[in-house]
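**Q** Can you read through this structure? Questions will come right after.
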Amino acid sequence: MIPFNKASITDVEVKYVTDALLNGKSSGDGKYTKLVCDEFKKRFGIENILLTTSGTTALEMASILADLKPGDDVIVPSFTFSSTANSFMLRGANPVFCDIRKDTMNIDETKIEDLITPKTKAIYTVDYAGIPCDMDVINDIAKRHGLLVIEDAAQAVGSKYKGRYAGTLSPFGCYSFHETKNYVMGEGGGLVINDASYMDRAEIVREKGTNRRQVLNGMVDKYTWHDIGSSFLPSDILAAIMYGQMMRYDEIMEKRMTVWNRYAEELKDLEQSEKLVLPIVPEYVDHNAHMFNIILPTAQIRTDLVAKLKANDVYAYICYVPLHSAPLGIKLGYKPEQCPVTEDYGERVLRLPLYADMTSDDTSKVIELIHDILS
Ligand SMILES: Cc1ncc(COP(=O)(O)O)c(C=O)c1O
């Protein structure tokens with residue numbers, strides 16, 4: 001069986017988890033949480049990152065810190081995971097769905113300004129398939145209209161936009177370290193605070209609304225309730241898995257890239273014969289080989305391909321179901337035709353199996369099957 005994804009776990013992760021269990025602290029903010037944050041600083045130059053229990057809760061923290069309230073509007077692509085929209089809807093804010101670009105399937109920055117009204121407070125961008133959005137353009141729009149930008153970089157750890165790391169491109173960057181991502185801690189995430197003025201409040205929000213972090217840092221001797229918040233910090237045992245992954249950062253990236261590059265090279269002929277479209281990576285992006293997506297000519301061809309791959313024990317995945325035309329989107333008053341590109345691509349995109357430990361034979365098998373089925 002070739003799954004669409006499989007976490008790469010070795011003796012390295014086992015060693016750190018065992019140490020965390022036997023010698024460390026099973027609650028949050030222990031030695032391994034600090035080591036992971038130090039790695040993000042060393043590798044990506046990130047000064048302020050707070051580990052969270054998921055990418056979802058990183059987004060929820062960002063939405064609290066953004067002070068979003070009932071009556072506020074937030075511009076967000078419809079082609080994303082529910083968590084992007086849920087995070088600010090839990091604050092009472094409304095989603096205003098924006099269509100996507102045909103090349104990257106990221107938010108179409110040329111359509112954002114038409115959606116801005118006096119109620120608009122923020123733009124949430126999503127780095128789909130690990131490919132950052134055109135953030136210079138988006139940040140410029142936000143600046144001109146006084147809006148906050150929150151980057152959902154759940155899939156984009158290690159990707160770069162014009163040489164700058166995804167997650168560092170706006171005041172808040174949200175990473176996911178879920179088992180399906182490049183670097184995993186089971187369930188986990190990180191909130192990158194690029195505007196340091198939010199940091200003090202972020203530490204309080206993450207610790208159930210208390211200044212407990214200041215006690216741990218020896219700044220005060222007892223902690224009290226200061227703000228709203230929740231329990232957003234992960235167990236240090238999970239951080240130990242993530243530390244192992246960070247120690248294997250280059251190895252995991254290179255192995256994923258090998259599979260990604262083989263798909264790109266060996267499926268090229270099918271693009272030339274118009275059987276599928278391969279991923280398009282803008283020249284300003286260095287991607288992290290998070291996903292390899294193909295676009296099929298019709299929804300029916302995708303359905304048939306998924307079924308035939310599955311009959312051969314290969315599991316391809318259909319990615320996101322657009323939010324605006326999902327049951328909740330319809331309840332909010334959206335019509336499928338309001339984001340036509342999202343609606344169309346959402347039915348035709350297919351994510352191929354891709355993981356660090358995918359063998360060369362398994363990659364060959366997927367490539368050969370796709371040729372056999374589509375030719
Ligand atoms: C774009 C995006 N945002 C947020 C999330 C949520 O991350 P997590 O599963 O870590 O909560 C995901 C997860 O797949 C995602 O793809």
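Read-outs throughout are calculated quantities, based only on the coordinates presented, and are distinct from any laboratory measurement. Treat the numbers as computed from the prediction; the structure is a model and nothing was measured. Note that we place each Cβ from the backbone using ideal geometry, even for glycine, and neighbour counts take in every protein chain shown.
**Q** With bins 10 Å wide starting at 0, give me the P(r) of the chain over every alpha carbon pair, in whole percents.
**A** Bins of 10 Å from zero give 5, 24, 32, 25, 12, 2, 0, 0 percent of pairs.
**Q** Then there's this: Of D357, D313, D236, how do they rank once you tally other Cβ atoms within 10 Å and put the fewest first?
**A** In increasing order of surrounding Cβ atoms, one gets D313, D357, D236.
**Q** Moving on to the next point. Counting pairs of Cα atoms in region 258-353, how many percent are more than 18 Å apart?
**A** Summing the P(r) tail past 18 Å for region 258-353 gives 55 percent.
**Q** Looking at region 148-291 from every direction and averaging, what is the projected area of its Cα convex hull in nm²?
**A** 11.2 nm²
**Q** Separate question: What is the projected area of the convex hull of the Cα atoms of region 118-186, averaged over all directions, in nm²?
**A** If I average the Cα hull's projected area over directions, I get 4.8 nm².
**Q** Report, as a whole number in µm² per second, the diffusion coefficient that Stokes-Einstein gives for region 173-212 at 37 °C and 0.692 mPa s using the Kirkwood radius over alpha carbon pairs.
**A** 289 µm²/s
**Q** Between T298 and T258, what length comes free when the chain is fully extended (0.36 nm per residue of separation minus the Cα-Cα distance, one decimal in nm)?
**A** Answer, rounded to one decimal: 11.6 nm.
**Q** In region 115-159, whose amide N lies under 20 Å from the spot 7 Å out along Cα-to-Cβ of E47? List them in ranges.
**A** Within reach of a label on E47, which here means backbone N under 20 Å from a point 7 Å along Cα→Cβ, region 115-159 contributes 149-151.
**Q** I want to check a number: in region 220-319, how many lysine pairs have alpha carbons closer than 23 Å, given a sequence separation of 8 or more or different chains?
**A** Within region 220-319, the lysine pair count is 5.
**Q** At each listed q (0.13, 0.23, 0.24 Å⁻¹), what is the log10 of I(q)/I(0) that the Debye formula gives for region 197-274 modelled as equal alpha-carbon point scatterers?
**A** -0.65, -1.01, -1.04
**Q** Among all the lysines, which ones have a C-alpha under 24 Å from K121's C-alpha, if same-chain residues fewer than 8 places away are not counted?
**A** By straight Cα distance, K121 reaches K69, K111, K143, K331, K335.
**Q** Using packing as a proxy for protection, rank 92-102, 179-189 so that the peptide with the highest average count of other Cβ atoms within 10 Å comes first.
**A** For the peptides 92-102, 179-189, the packing ranking is 179-189, 92-102.
**Q** At 1.306 mPa s and 10 °C, plugging the Kirkwood radius over alpha-carbon pairs of region 100-227 into Stokes-Einstein gives what diffusion coefficient in µm²/s?
**A** The diffusion coefficient I find is 98 µm²/s.
**Q** Could you check the spin-label model distance between D114 and N217? Points 7 Å from the Cα along Cα→Cβ, value in nm.
**A** A separation of 4.6 nm, rounded to one decimal place.
**Q** Using a simple spin-label model with points 7 Å from Cα along the Cα→Cβ vector, what separation in nm is obtained for E266 and K308?
**A** Result for the modelled spin labels: 1.8 nm.
**Q** Using 1/(1 + (r/R0)^6) with R0 = 22 angstrom and r between the beta carbons of M1 and D357, what's the FRET efficiency to the nearest 0.05?
**A** Result of the calculation: an efficiency of 0.95.
**Q** Right, something else. Starting from the Cα gyration tensor of region 21-64, take the square roots of the eigenvalues, sort them a ≥ b ≥ c, and report rounded, prolate or oblate (rounded when a/c is under 1.5, otherwise prolate if a/b is larger than b/c, else oblate).
**A** It is oblate, given that a/c is not under 1.5 and a/b is not larger than b/c.
**Q** Also, quick follow-up: How far, in nm, would the chain grow between E337 and D200 when pulled straight, counting 0.36 nm per residue and subtracting the alpha carbon separation?
**A** 45.0 nm
**Q** I need the P(r) histogram for region 52-125: all alpha carbon pairs, bin width 10 Å from 0 out to the longest distance, whole percents.
**A** It works out to 21, 51, 26, 2, in whole percents.
**Q** Still on this structure, I have one more. Can you say what percent of the DSSP beta bridges in the chain, counting only those with both residues inside, are antiparallel? Round to 5.
**A** 55 percent
**Q** When only C-alpha pairs under 8 Å and at least 6 residues apart count, what is the relative contact order of the chain, in percent?
**A** 22 percent
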